[in-house]
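The values are calculated or read from the model by the stated rules, or taken from the named source; none is laboratory data. On a predicted model such as this, the values are computed, not experimentally measured, just so you know. Cβ coordinates were reconstructed from backbone atoms using ideal geometry, including for glycine residues, and neighbour counts include every protein chain displayed.
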Amino acid sequence: MSSEVVLLGCPAPAKLNLFLHIIGRRDDGYHLLQSVFQLIDRCDTLDFYVRNDRQIKRINSVHGVPENDDLCVRAARLLQQYSNSQLGADIQLHKVLPMGGGVGGGSSDAATTLLALNYLWGCHLQEAELMHLGLQLGADVPFFIGRTNAFVEGIGEQMTSLATPERWFLVIEPGVHVPTPTIFSAKELTRNTKPVKITDFSNAAKVEWKNDLQAVACALHTEIQQAIDWLRQFELNIGDAKMTGSGSCVFCSFADEETAKSIQSKVPNRWKSWTAKALSQHPINSKINL
Ligand code: C5P
């Protein structure tokens, strides 16, 4: 029973981790991170149709993910339970972002669901409450609720907004799916990188801005290392080619779109690739009021 209330074309953008350091581990096994999360203009898109009967349904299925595991459905149920809303929703997801790619697709879909339904259902939850709910769905979800580029610490829940320069990125999907828990639980993982201050990042101080998850992911999947090596042959990029999140996508950044596109045109056919622009804020801001 759909009502007339709809919100179409809600963007769920990808993120890139400009670096990702692991500085420790909590007693519950979760890792303490330091990372800069950058929003980019490549997005999944979601349509929401409010229902009057409290049911939450997805209109399309996402590549073999059962409805009860679907992060959008779980996000909607969590919000409904927490806010005691009497409304429901039909949710349609147009999937563009790779799954298991390290670009935060599933987390971003969940965050967009929380933001959009909070607005449509009139729950009026504050951002901090939505972040708290989001953290139950995944460590990256609070970042997407925050809707700005950020220096992220803790397990992903501590954020400091950060202005990042205009940039273009070339992203390669090496075609392998990397399960995040496998990478984080690897014995060989470096877990003691020296903590940095975010001012070091802004001042481009002499810190090696690396991804501590990369070595483990590359050891499991040589395709990831091959894509990094391929990007490294070009000396025009700003910063080194590296993996994002727990992989498998790898990227490098450029000061202009033309260079990003010209190098993309040379990417070997066996890899899917795309270019994207750095966003200064979440594109859902123009659709909802928080
Ligand atoms: O992002 P999400 O919370 O879904 O993380 C998936 C898995 O990655 C967790 O179950 C945990 O094993 C690992 N992880 C971690 N430390 C983090 C984030 C994730 O150990 N900060």
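Kindly indicate whether any position in the range 81-97 is touching a residue at least 24 places away in the same chain (Cβ under 8 Å), within 16 Å of the ligand (Cβ to nearest atom) and either in the same structural domain as Gly134 (by TED's automatic domain parsing) or not small (Gly, Ala, Ser) (or both). Yes, the range 81-97 contains at least one residue that is touching a residue at least 24 places away in the same chain (Cβ under 8 Å), within 16 Å of the ligand (Cβ to nearest atom) and either in the same structural domain as Gly134 (by TED's automatic domain parsing) or not small (Gly, Ala, Ser) (or both). Annotation: Leu16 fulfils all but one of (1) away from the ligand (no atom under 16 Å from the Cβ); (2) aliphatic (A, V, I, L, M); (3) under 23 Å from Ile224 (Cβ atoms); the unmet one is (1).
Among the candidates Phe144, Phe151, the residue that is surrounded by 20 or more Cβ atoms within 10 Å (Cβ to Cβ), part of a strand (DSSP E or B) and either outside the structural domain of Ile91 (by TED's automatic domain parsing) or within 16 Å of the ligand (Cβ to nearest atom) (or both) is uniquely Phe151.
Hydrophobic (A, V, I, L, M, F, W, C), assigned to a helix (DSSP H, G or I) and outside the structural domain of Ser248 (by TED's automatic domain parsing): is that true of Leu78 in this structure? Criteria met by Leu78. Of everything listed in (1) part of a loop (DSSP other than H, G, I, E, B); (2) buried (at least 23 other Cβ atoms within 10 Å of the Cβ); (3) not hydroxyl-bearing (Ser, Thr, Tyr), the single unmet condition for Cys72 is (1). Determine whether Thr190 is among the hydroxyl-bearing types (Ser, Thr, Tyr) and surrounded by fewer than 20 Cβ atoms within 10 Å (Cβ to Cβ). Judged against the criteria, Thr190 is a match.
In this structure, Tyr49 does satisfy being more than 15 Å from the ligand (Cβ to nearest atom), closer than 24 Å to Glu129 by Cα, in a strand (DSSP E or B) and over 21 Å from the mean Cα position of the chain (by Cα). Of all residues in the range 154-176, those that are closer than 18 Å to Leu33 by Cβ and part of a strand (DSSP E or B) total 5. Suppose we keep only residues that are over 14 Å from the mean Cα position of the chain (by Cα), among the β-branched types (Val, Ile, Thr) and within 15 Å of the ligand (Cβ to nearest atom) within the range 156-183. Which one would you say is nearest to His221 (Cα to Cα)? Once the filter is applied, the top-ranked residue is Val178. Pairs linking a residue in the range 125-148 that is free of Cβ contacts under 8 Å to residues at least 40 places away in the same chain to a residue that is within 15 Å of the ligand (Cβ to nearest atom) and part of a loop (DSSP other than H, G, I, E, B), with Cβ atoms under 6 Å and 6 or more positions apart or on different chains, are Leu135/Glu157; Pro142/Glu157.
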